[in-house]
Amino acid sequence: MNLNFEYYKVFYYVSKYGSLTRAASVLMTSQPAITRTIHNLENEIGCRLFIRSKNGVELTPEGRIFNKYISAACSQIFKGENALSGMISLDNGTVCISATETALHCCLFQAVEKFNEQYPNVQFNLLNNSTIHSIQALKEGRIDMAMVSSLPHQMESPLKVKKLRKYRDILIGGSKFRHLKDKPTTLKDLKDYPWISLTSGSITRKLVEQYFNELGLSFNPDIELATTDMILLAVRHNLGIGFIPEEFAAEDIRRESVFQITVNEKLPDRHILLIYDTEYPQSIASKTFQNFLLSGAYLQEQS
């Protein structure tokens with residue numbers, strides 16, 4: 001037999017309440033529709049399942065045996081539906097995001113904090129990956145969305161890109177280079193200083209090299225590091241000067257362990273980007289957080 005699950009569902013509720021009328025009310029349909037479904041089910045399995053009584057309907061002996069299995073199966077299915085509904089809702093949902101280091105520091109941490117103030121039961125699974133790995137995880141359906149600070153190439157459908165916020169890189173130095181503090185200078189004047197940068201394979205490094213080339217300068221850092229956090233640490237230890245996003249250096253600048261070097265040239269504004277798959281079904285929690293990001297509500301809270 002290849003029966004529609006709706007047949008079993010109708011049988012379950014008629015058996016549970018002993019009433020065609022009550023079952024129709026729960027299933028939000030008509031009593032004649034319930035009656036037709038029961039008749040179709042009886043015809044398919046080849047036996048009578050209910051008999052009418054003065055109080056409604058009663059199970060036949062065959063119906064009681066059938067109900068023993070159907071009620072157990074439906075109970076498990078309904079529990080599964082409820083559990084899944086809780087997981088994808090705002091009561092017990094989970095949102096999985098892969099983000100670059102810059103996106104985490106300049107946007108995502110603040111956004112998750114503010115979002116959880118409104119929806120404390122939503123859980124976040126945050127992965128720190130490169131732009132390329134984040135996009136690949138999105139294509140493979142392993143995450144709900146990706147947040148990056150630059151794109152290696154134009155995104156193609158079904159992937160969609162939205163700008164979330166602008167940020168900028170600033171040049172910082174440690175106590176050894178204190179003579180540069182509050183003294184506007186040019187990148188050309190700084191070309192012989194020891195420079196610290198991300199490794200040559202990173203998208204950010206390529207953008208810096210491109211910018212220097214546009215100014216007629218070459219960019220050959222003395223120290224290459226894997227993460228922006230490590231650049232900050234190296235600058236703090238006076239190993240050189242380097243560009244990092246303003247948010248990374250804010251606390252160190254406040255504590256005066258590093259300072260901003262004022263240069264006449266400023267790197268172009270960059271953006272934190274949200275990438276998602278338009279063909280991938282979003283859970284309620286994921287869709288709500290996505291809308292929260294796009295609304296900029298967390299930025300308003302910060303200001």
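The values are calculated or read from the model by the stated rules, or taken from the named source; none is laboratory data. Model, not experiment: these values are computed from the prediction. Backbone-built Cβ (ideal geometry, glycine too); neighbour counts: all protein chains shown. Just so you know, the surface numbers come from the protein's heavy atoms only, side chains and all, with ligands and any DNA or RNA stripped out. Shrake-Rupley method; radii C 1.70, N 1.55, O 1.52, S 1.80 Å.
A Förster distance of 25 Å, applied to the separation of the beta-carbon atoms of residue 222 and residue 168, puts the FRET efficiency at 0.60. Taking every alpha-carbon pair in region 48-203 and binning the separations at 5 Å intervals from zero gives 2, 6, 10, 11, 10, 10, 8, 8, 7, 6, 5, 4, 4, 2, 2, 1, 1, 1, 2, 0 percent.
Measuring nothing but how far apart in sequence close Cα pairs (under 8 Å, 6+ apart) lie, relative to its length, the chain scores a relative contact order of 21 percent. Across 230, 28, 155, mean-square fluctuation computed from a Gaussian network of the chain (C-alpha pairs under 10 Å connected) peaks at 28. For the residues 66, 292, 109, a GNM of the chain with alpha-carbon springs under 10 Å puts the largest fluctuation on 66. Over the chain, dividing the summed -39,500 (n - 2.57) contributions of all DSSP H runs of at least 4 residues by the number of residues returns a 222 nm mean residue ellipticity of -13500 deg cm²/dmol. A crude spin-label estimate for the pair residue 90 and residue 229, with each label 7 Å from Cα along the Cβ direction, gives 3.2 nm. The length gained by stretching the chain between residue 21 and residue 109 to full extension, at 0.36 nm per residue less their Cα-Cα distance, is 26.4 nm. The computed P(r) over Cα pairs in 20 Å bins from 0, in percent for the structure shown corresponds, within (1) 26, 35, 21, 14, 5; (2) 31, 56, 13, 0; (3) 31, 51, 17, 1, to (1). Residue-wise HN-Hα couplings along region 57-65, as the Karplus relation 6.51 cos²θ - 1.76 cosθ + 1.60 with θ = phi - 60° gives them from phi, are 9, 10, 6, 6, x, 5, x, 5, 5 Hz; Gly and Pro carry x. For the chain, the residue among 200, 281, 295 whose Cα projects farthest onto the positive side of the dipole built from Cβ charges is 281. Residue by residue, region 118-130 carries 3J(HN,Hα) couplings of 8, 10, x, 8, 7, 9, 10, 10, 9, 10, 9, 9, 6 Hz when phi is fed to the Karplus relation 6.51 cos²θ - 1.76 cosθ + 1.60 (θ = phi - 60°); x denotes Gly or Pro. Have a look at 121, 92, 43 and tell me which one the Gaussian network model of the chain (Cα, springs below 10 Å) gives the largest fluctuation. So, out of 121, 92, 43, the one fluctuating most is 43. Applying the criteria of a DSSP loop state and at most 11 other Cβ atoms within 10 Å to the GluC sites (Glu not before Pro) of region 225-270 yields 256.
Taking other residues whose beta carbon is less than 11 angstrom from the beta carbon of residue 37, and scoring Lys, Arg as +1 and Asp, Glu as -1, yields -1. The apolar share of the surface of the chain, taken as the fraction of accessible area on carbon and sulfur atoms (1.4 Å probe, ligands and nucleic acids excluded), comes to 49 percent. A 1.4 Å probe run over the protein chains yields, for region 190-252, 48 Å² of accessible area per residue, whole-number rounding. Karplus-derived 3J(HN,Hα) values for region 28-36, using 6.51 cos²θ - 1.76 cosθ + 1.60 with θ = phi - 60°, are 6, 9, 9, 5, x, 5, 5, 4, 4 Hz; glycine and proline are entered as x. For a test of the definition: using alpha carbon positions, the gyration tensor, and the 1.5 limit on a/c, classify region 145-303 as rounded, prolate or oblate. Since a/c reaches 1.5 and a/b is larger than b/c, the shape of region 145-303 is classed as prolate.
When the P(r) of region 73-154 is calculated, the portion above 19 Å amounts to 48% of the C-alpha pairs.
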